[in-house]
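Just below is one structure, and these are the notes that go with it.
Each reported figure results from applying straightforward, stated rules to the coordinates on display, with no laboratory input. Quick caveat: nothing in here was measured; it's all calculated off a predicted structure. Here Cβ is always computed from backbone atoms with ideal geometry, including for glycine, and neighbour counts include all displayed protein chains.
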Amino acid sequence: MARMLLVSPAIALIAITLIVRGSAKAKSVEESQQSAVFLIIPVILLIAGQFTGVLLINAWILLAVGAVCALLAWLLLKKCMGRFTYELLLK
């Protein structure tokens, strides 16, 4: 269970970044919510499978997944923050 704490922050950053990018491009609130659900459901299923014992992941595999997720989260945040300007918020 403690190993999941290594992966959770990276997955949360990835999900938040993708949800914010998707909702910025959405034309309505409903479209934004639907795209967010499609990003969240696989993560919830993975966590539920791990905790119930249906899906048992080795500690080394989980560590590798955490490292890949952290790298992906860093790249996504760097890409998103490069486009961010305060003038864009004022429009």
Response to the item:
For the stretch 1-54, inverting the pair-averaged 1/r of distinct alpha-carbon atoms gives a Kirkwood value in Å of 12.2
Worksheet item: Mind checking the angle between helix 59-83 and the chain's longest principal axis? C-alpha axes, 0 to 90 degrees, to the nearest 10.
Response: 10
Discussion item. Taking R0 as 30 Å, what FRET efficiency do you get between residue 87 and residue 27 from their Cβ-Cβ distance, rounded to the nearest 0.05?
Written reply: 0.85
Worksheet item: For the chain, what's the radius of gyration and Dmax over Cα atoms, in angstrom?
Response: 15.6, 49
